[in-house]
1. Do we find a residue being out of contact with any Leu (no Cβ under 8 Å at 6 or more places or on another chain), of a type in the set (D, E, K, R) and modelled with pLDDT under 95 anywhere in the range 70-91?
2. Which of the strands (runs of 3 or more DSSP E) contained wholly in the range 210-276 include at least 2 residues that are at pLDDT 95 or above and either closer than 19 Å to L84 by Cβ or touching a helix residue (DSSP H, G or I) at 6+ places or on another chain (Cβ under 6 Å) (or both)?
3. Given the structure, is Q60 farther than 12 Å from F22 by Cβ and either touching a His at 6+ places or on another chain (Cβ under 9 Å) or touching a residue at least 12 places away in the same chain (Cβ under 8 Å) (or both)?
4. So which residues in the range 218-238 are surrounded by fewer than 20 Cβ atoms within 10 Å (Cβ to Cβ) and under 20 Å from the mean Cα position of the chain (by Cα), if there are any at all?
5. Specify the residue that is farthest from the chain's Cα centre (by Cα); the eligible residues are those in the range 180-193 that are at pLDDT below 95 and of a type in the set (A, V, I, L, M).
6. Take residues that are crowded, with 21+ Cβ neighbours inside 10 Å and in contact with a helix residue (DSSP H, G or I) (Cβ under 9 Å, 6 or more places away or on another chain) and tell me which of the helices (runs of 4 or more DSSP H) falling wholly in the range 31-106 contain 3 or more.
7. Applying the selection to the range 211-232, what residues are within 18 Å of T89 (Cβ to Cβ) and not aliphatic (A, V, I, L, M)?
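The values are calculated or read from the model by the stated rules, or taken from the named source; none is laboratory data. Not measured: the values here are computed from a predicted model. Methodologically, a virtual Cβ is constructed for each residue, glycine included, from the backbone with ideal geometry; neighbour enumeration extends over all protein chains shown.
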Amino acid sequence: MRSSATSLVKDSGCTDGPVQPFPFTMAFQPIVDVEAGKIYAYEALVRGVNNESALSVLSQVTDENRYAFDQGCRTTAIRLAQRLGLAETGAKLSINFMPGAVYNPTACIHLTVATAASVGFPLERLVFEITETEEVRDRQHMLSIFKEYRKHGFEIAMDDFGAGFCGLNLFAELTPDILKIDMELTRRIHLRPVAMATMRCLVQLCAELKIPLVAEGVETMEEYRALKECGIRLMQGYLLARPGFETLPAFVVPKEDRVSTGRIGPGFKGQVHTAA
């Protein structure tokens with residue numbers, strides 16, 4: 001007699017393997033709380049095994065291997081993050097997922113939960129990001145995914161808000177736990193008054209809803225200062241840290257005429273040091 005979990009997996013079209021339809025690994029990029037000077041989360045970014053780009057990996061994804069790829073991203077990110085000591089830092093682990101790869105939310109989450117349990121990674125530290133490249137055609141299905149994920153203590157982030165299919169209607173209907181602003185709004189924001197005003201409105205909205213707001217693609221001191229002026233404290237981008245291939249990279253927190261640097265990983269415990 002099959003167990004109920006196994007039966008659910010088989011009957012829904014979700015399976016536990018193959019975990020990876022082709023070889024790939026992960027890089028990790030910090031999301032930094034610039035006010036506290038510490039890591040808020042690490043985003044897992046897919047890479048080839050020889051550090052090839054995400055595009056080179058994603059170009060191999062097809063309708064036939066989409067589910068296996070999505071599952072492989074989760075298990076690879078969780079196992080590697082645990083091996084690197086991410087859980088010890090207190091940071092979250094943010095993983096991109098494809099809504100179209102989730103057939104039955106209860107069944108398809110089985111391998112994620114089992115993997116986290118097998119390596120000892122805390123479920124409440126997992127964040128799943130909706131990617132901007134895939135339209136959510138079935139809103140009710142997406143709501144059922146959110147409901148099931150939250151039952152396990154996972155958080156849901158809306159990635160690249162303002163680009164692709166991640167707009168206000170989806171935000172209002174799904175109410176994510178974390179909102180990540182697309183880098184196109186961040187780019188040269190200090191030179192664009194309308195973009196600055198838009199960012200201030202988003203900060204006010206998220207403060208009212210108690211939703212953490214992350215600015216992506218922060219690359220210059222001018223952008224950094226403008227974002228801080230808008231009230232942003234969670235930032236991600238090359239100015240703070242580049243993705244680390246199979247490692248938890250160092251991060252920097254800019255300060256007027258100097259830069260504070262810090263590392264979070266095994267043995268570092270999140271200390272922040274100041275350099276002139």
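1. Yes, the range 70-91 contains at least one residue that is out of contact with any Leu (no Cβ under 8 Å at 6 or more places or on another chain), of a type in the set (D, E, K, R) and modelled with pLDDT under 95.
2. Numbers: elements: 213-215, 251-255, 258-262, 272-275.
Result: 213-215.
3. Details: farther than 12 Å from F22 by Cβ: no; either touching a His at 6+ places or on another chain (Cβ under 9 Å) or touching a residue at least 12 places away in the same chain (Cβ under 8 Å) (or both): yes.
So Q60 does not fit the description; no.
4. E219, R233, Y238
5. Filtering first and then ranking leaves L185.
6. Working: elements: 54-58, 66-84, 86-89.
Because the criterion is at least 3 residues that are crowded, with 21+ Cβ neighbours inside 10 Å and in contact with a helix residue (DSSP H, G or I) (Cβ under 9 Å, 6 or more places away or on another chain), the helices (runs of 4 or more DSSP H) in the range 31-106 that meet it are 66-84.
7. Step one: list which residues in the range 211-232 are within 18 Å of T89 (Cβ to Cβ), which gives 212, 214.
Of everything in the range 211-232, just one residue is within 18 Å of T89 (Cβ to Cβ) and not aliphatic (A, V, I, L, M), namely P212.
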